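Pasting a structure below so you can have a look.
The values are calculated or read from the model by the stated rules, or taken from the named source; none is laboratory data. Here the structure is a predicted model, which is why all the values come from computation and not from measurement. Positions of Cβ are generated from backbone atoms using ideal geometry, with glycine treated the same way; all protein chains shown enter the neighbour counts. Accessible surface is based on the protein model in full, side chains and every heavy atom, while ligands, DNA and RNA are left aside. Shrake-Rupley method; radii C 1.70, N 1.55, O 1.52, S 1.80 Å.
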Amino acid sequence: MLFWVFLVGGLAARYAAGWRALGGALLLCVPLIDVVLLGATVLSVRDGAEPTVWHGLSAAYLGLTVVYGHRTVRWADAKFARRFGGDAPPPRPKLYGRAAVVDAWKSWFRFLLAYAISVGMIFGLVVLVGGLDRGAPLLVWLNPLTKVLVYSLIWPVVTTLWPGKAPEPVQDKAGGAG
């Protein structure tokens, strides 16, 4: 939750209010939130707290934000810059053919990396709490993470088999290509 509070707050300060320094400082806090969350989770279980699904969620969340956090900040920054800063919209990618296949697989491998980090952190917490008996609540998150990983494989496979074709050129009223 704090990720989004600092992200929106930093972008609002930067673009809507015109406070570029404050906006930049708030945006710099976004990755620090992950460090604080990791530290709080580790300290909590290390100090004897009973591991819960919430500890597992923090590990799963951290894996996702490590991989997708920067992209999310960059995407949101571009949206705010366009809305409040007057920037031109970025060109839309033309994803068909080989470009579509490469993009689909890059996206899946990006999630595979997030999955690996999340699972590694979950198992790290299991080891930290003393094994599978005590760490079982942490393992609950393996099920949804694995399902998303497997289901998200459908898109790159389908795109590889049917990559799509370039759109037909639009004809203008005079009959020439436009």
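Within segment 1-45, count every residue that is β-branched (Val, Ile, Thr), within 28 Å of residue 127 (Cβ to Cβ) and either in contact with a strand residue (DSSP E or B) (Cβ under 7 Å, 6 or more places away or on another chain) or open to solvent by 40 Å² or more (accessible area, probe 1.4 Å) (or both). Talk me through it step by step, then tell me what you get.
Looking only at segment 1-45, we keep the residues that are β-branched (Val, Ile, Thr), and these are 5, 8, 30, 33, 35-36, 41-42, 45.
From what is left, the residues that are within 28 Å of residue 127 (Cβ to Cβ) are 33, 35-36, 41-42, 45.
Adding the requirement that they be either in contact with a strand residue (DSSP E or B) (Cβ under 7 Å, 6 or more places away or on another chain) or open to solvent by 40 Å² or more (accessible area, probe 1.4 Å) (or both) leaves 35-36, 42.
Of the residues in segment 1-45, 3 are β-branched (Val, Ile, Thr), within 28 Å of residue 127 (Cβ to Cβ) and either in contact with a strand residue (DSSP E or B) (Cβ under 7 Å, 6 or more places away or on another chain) or open to solvent by 40 Å² or more (accessible area, probe 1.4 Å) (or both).
Between 49, 40, which is within 25 Å of residue 133 (Cβ to Cβ) and at pLDDT below 90? Steps first, answer last, please.
On the way: 40 fails: at pLDDT below 90.
Among 49, 40, only 49 is within 25 Å of residue 133 (Cβ to Cβ) and at pLDDT below 90.
Which condition from (1) surrounded by fewer than 17 Cβ atoms within 10 Å (Cβ to Cβ); (2) at pLDDT 90 or above is the one that residue 66 breaks?
Evaluating residue 66 over (1) surrounded by fewer than 17 Cβ atoms within 10 Å (Cβ to Cβ); (2) at pLDDT 90 or above leaves (1) as the failure.
Picking from 110, 98, which residue would you name as being open to solvent by 80 Å² or more (accessible area, probe 1.4 Å) and either in contact with a Pro (Cβ under 9 Å, 6 or more places away or on another chain) or not polar (S, T, N, Q) (or both)?
98
Related question: When both residues are 6+ apart or on different chains and their Cβ atoms are under 9 Å apart, which pairs have a first residue that lies in segment 40-69 and is among the basic types (Lys, Arg), and a second that is open to solvent by 20 Å² or more (accessible area, probe 1.4 Å)?
Partner pairs satisfying both residue conditions: 46/128.
For the subset of segment 155-171 comprising residues that are open to solvent by 100 Å² or more (accessible area, probe 1.4 Å) and among the hydrophobic types (A, V, I, L, M, F, W, C), which member is nearest to residue 103 (Cα to Cα)?
Applying the filter and picking the extreme gives 155.
If you check residue 120 against the conditions, is it at pLDDT 95 or above, of a type in the set (Gly, Ala, Ser) and loosely packed, with under 13 Cβ neighbours inside 10 Å? Break it down stepwise before answering.
On the way: at pLDDT 95 or above: yes; of a type in the set (Gly, Ala, Ser): yes; loosely packed, with under 13 Cβ neighbours inside 10 Å: yes.
Yes, satisfied.
Mind listing just one residue for me: the one in segment 47-63 that is hydroxyl-bearing (Ser, Thr, Tyr) and closer than 13 Å to residue 142 by Cα and, of those, surrounded by the most Cβ atoms within 10 Å (Cβ to Cβ)?
Within segment 47-63, the subset hydroxyl-bearing (Ser, Thr, Tyr) is 52, 58, 61.
Filter again for closer than 13 Å to residue 142 by Cα, leaving 58, 61.
Numbers: 58: 23, 61: 18.
My answer is 58.
In addition: How about segment 123-140: which of its residues are free of Cβ contacts under 8 Å to residues at least 40 places away in the same chain and either under 21 Å from the mean Cα position of the chain (by Cα) or open to solvent by 60 Å² or more (accessible area, probe 1.4 Å) (or both)?
123, 127, 130, 132, 133, listed by residue number.
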